[in-house]
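Encoded as structure tokens, the structure appears first; notes follow it.
The values are calculated or read from the model by the stated rules, or taken from the named source; none is laboratory data. Remember, it's a predicted structure, so these values are computed and weren't measured experimentally. Because the Cβ atoms are built from the backbone with ideal geometry, glycine has one as well, and the counts that use them run over all protein chains shown. Accessible surface areas use protein heavy atoms only, side chains included; no ligands, DNA or RNA. Shrake-Rupley method; radii C 1.70, N 1.55, O 1.52, S 1.80 Å.
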Amino acid sequence: MAQVQQIVRCELDPSKPVPEICAVITALTPYHPGQEEAILQGVKDAVEQRLMQLKGADTHAEPVRKPDRK
């Protein structure tokens, strides 16, 4: 039986983060018709949370990456 997967693979230029991130969002939203507003709201919430962390307002937040020290 055939296995069908919808996969979007992206190669991003880290020297242009904003347009690259915007391009990824634009590429993904057509796969979720009628849910674009919810997706964008989720991205907005994540960005706002990260901005708060950067400002030090949320000192109890989990780090994005945990050190691999033993």
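LEU28 versus (1) in contact (Cβ under 8 Å) with a residue 12 or more places away in the chain; (2) part of a loop (DSSP other than H, G, I, E, B): which is the lone unmet condition?
(2)
From PRO67, PRO14, PRO19, which residue is at pLDDT 95 or above and open to solvent by 90 Å² or more (accessible area, probe 1.4 Å)?
PRO14
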